[in-house]
1. Bin width 10 Å, alpha-carbon pairs only: give the P(r) of the protein assembly as shown as whole percents, running from 0 to the bin holding the largest distance.
2. Using only Cα atoms, tell me the angle between helix C:99-116 and the longest principal axis of chain C; keep it within 0 to 90° and round to the nearest 10.
3. Round to the nearest 0.05 the FRET efficiency obtained for A:ARG50 and D:ASN72 when R0 = 25 Å and r is the Cβ-Cβ distance.
4. Amide H neighbours of D:ASN72 under 5 Å, at least 5 residues apart or on other chains, H built in the peptide plane: list them.
5. What are the ³J(HN,Hα) values, in whole Hz, obtained from phi via the Karplus relation 6.51 cos²θ - 1.76 cosθ + 1.60 with θ = phi - 60°, for each residue of the stretch B:41-52 in sequence order, with x given for Gly and Pro?
6. Going by the alpha-carbon gyration tensor, a ≥ b ≥ c the square roots of its eigenvalues, is the stretch C:23-101 rounded (a/c under 1.5) or, if a/c is not under 1.5, prolate (a/b greater than b/c) versus oblate?
7. Report, as an integer, the average count of C-beta atoms from other chains found within 10 Å of each Cβ along D:47-58.
8. Using only helices, what value at 222 nm comes out for chain A when you add -39,500 (n - 2.57) per DSSP H run of length 4 or more and divide by the total residues, to the nearest 500 deg cm²/dmol?
Amino acid sequence: MITVKVKCFSQVKYALNKDEVIFELDHGTTTDSLESMIRDNAKGKLDGVRLRVAVNRKYIPEKIELKDGDEIAFIPPVQGG
Amino acid sequence: MITVKVKCFSQVKYALNKDEVIFELDHGTTTDSLESMIRDNAKGKLDGVRLRVAVNRKYIPEKIELKDGDEIAFIPPVQGG
Amino acid sequence: MVKVEIINGPLDLYLTDNNRTQDGAELVFNGRVRDTEHGNKITYLEYEHYDGMAKAELLQLADKTVKKFPINDLFCKHRIGKVNIGEISLHIIIWSKHRKEGLDAMSWFISELKNSVPIWKWAILEDGSRVPTECKD
Amino acid sequence: MVKVEIINGPLDLYLTDNNRTQDGAELVFNGRVRDTEHGNKITYLEYEHYDGMAKAELLQLADKTVKKFPINDLFCKHRIGKVNIGEISLHIIIWSKHRKEGLDAMSWFISELKNSVPIWKWAILEDGSRVPTECKD
C-alpha cells in the first residue's frame with residue numbers, strides 16, 4: 001500500500017469541505033483512478049468541473065502511477081488576476 | 001490678393017529655416033499650389049517628405065481654395081510618443 | 001530579468017524608472033477587485049493559492065514571457081488572502097524597447113496567468129456566505 | 001471621461017485609483033526617451049508641437065478612443081520642450097471593466113497619436129547640432 005495526500009482547493013475544497021485528504025492506495029493506482037475517487041466523494045458536486053492534475057506541485061498532462069508520499073492536487077479552473 | 005500665414009514645423013522648419021512665412025497670393029490660390037511654392041522654396045530638401053495640410057489648425061484631406069487670413073501648415077510625418 | 005511575488009496584504013507598486021535609457025516603453029497593469037462577480041454583489045474577495053506551486057508557476061510563466069517576446073524585464077505581484085473591493089490584486093510592469101512587444105507580452109502573460117497559476121477567488125457575499133466564485137452550487 | 005494635457009516640463013503621473021470599484025483593469029503606459037534615435041546617440045530630445053492644434057487633435061483622438069472601445073476613462077499627458085534621456089515624454093492611463101479592451105484601446109490610441117497629433121522630435125546630437133529626428137539631411 002502507498003499513502004498519498006490530496007490537497008483541495010476552490011471548488012474541490014468546497015465540494016469535499018476539506019483542505020486535504022489522506023488516501024491509502026494499492027500500488028499501481030493512477031492519477032485517473034484517484035480522480036474518480038475524489039469525484040465520487042464529491043457526490044456530483046464536481047460534475048462538469050474540469051480538473052487538471054498536479055503531482056508534487058507540477059502539472060501532469062497524462063495519467064501516471066502514484067508513489068508513496070506523493071502530494072496530488074486536482075486543480076479546478078484557476079482564477080488569478 | 002489675400003494674405004496667408006504658413007506655420008513651419010520639423011522638417012519644413014529645418015528646410016526653410018523659418019518658423020513662419022507670410023504669403024501674398026492671388027484669390028483662388030489652392031492649398032496644392034501653396035504646397036508647390038513651399039517645396040520650391042525648400043530647394044529639394046522636402047523631396048520625398050509626405051506633407052499633410054492643415055488649414056486653421058484642422059487637417060484638410062482635399063485641396064481647397066485659401067481665404068484671406070488663413071493659417072496653413074504643411075505637416076511632415078508626426079512623431080509624438 | 002523577472003521578479004514575481006505572492007503577497008498577503010496590500011501591495012506596494014513597482015516604481016517608474018527613469019534610469020532605463022534603453023527601454024522606450026514601460027507598461028503597467030493593475031487588476032482591481034470589482035464590486036460584482038458574475039453579476040452578484042460581493043463584499044470582498046479572498047484569494048486562495050496553492051502554496052509551493054503558485055509562485056513557481058508564476059515564475060516559470062514570467063521566464064517564458066521574456067523569452068517569447070523581445071521585452072527586457074517583467075515584474076509581477078499577486079495578492080492572496082482578503083482583498084477589498086477597489087484594491088489591486090494583480091500588479092505587473094513590463095519594460096521593453098518599443099511599445100508593441102510590451103503590449104503583446106502583457107496580454108499574453110495575463111491570459112496565461114489566468115489559465116495556469118493555481119490561484120482562486122472566493123467571493124464573500126452580502127449574506128456572509130463564502131463561495132468559490134465560479135461554483136454553480 | 002477623457003483628459004489630455006500638453007506639458008512643458010517634467011510630468012506628474014496620474015494616481016492609481018482604488019475608488020474605481022467598477023473598473024477591473026487599470027493600464028498605464030509610459031513612453032520614455034531612449035539614448036539613441038535611429039541608431040544615433042543623442043544627448044536629449046526637444047519636442048516641438050503645433051500650439052493650438054496638438055492639444056485639440058489629442059483630445060479628439062481620446063474622445064474617439066473611448067467611443068470606439070468599451071473603456072471608461074482615458075487620461076493622457078504629452079511633454080513638449082526639452083526632455084532628457086530616460087524621462088517620460090508620454091503618459092497614458094486607461095480604466096476599463098476588463099483588461100482586453102484596455103489593452104486594445106491603448107494600442108490603438110498610441111498608434112493613432114503617432115499618426116495624427118502634430119508633435120515632432122528634434123534630436124540634440126553629441127556634437128550639439130539640432131535636427132528633426134527623421135530628417136535625412
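1. 4, 18, 23, 19, 13, 10, 7, 4, 2, 0, 0
2. That works out to roughly 40 degrees.
3. Taking R0 as 25 Å, the efficiency between A:ARG50 and D:ASN72 is 0.15.
4. The answer is D:TRP95, D:SER96, D:LYS97.
5. Values per residue, Gly and Pro as x: 4, 7, 6, x, 5, 9, 4, x, 9, 6, 10, 9 Hz.
6. Because a/c hits 1.5 or more and a/b fails to exceed b/c, the stretch C:23-101 counts as oblate.
7. For this peptide, the per-residue mean of nearby foreign Cβ atoms is 4.
8. Roughly -6500 deg cm²/dmol at 222 nm, from the helical runs in chain A.
Readers should treat all values here as calculations from the given coordinates under stated rules, not as data from a laboratory. Computed from a predicted structure; not experimentally measured. Note that each Cβ is placed from the backbone with ideal geometry, even for glycine, and that neighbours are counted across all protein chains shown.
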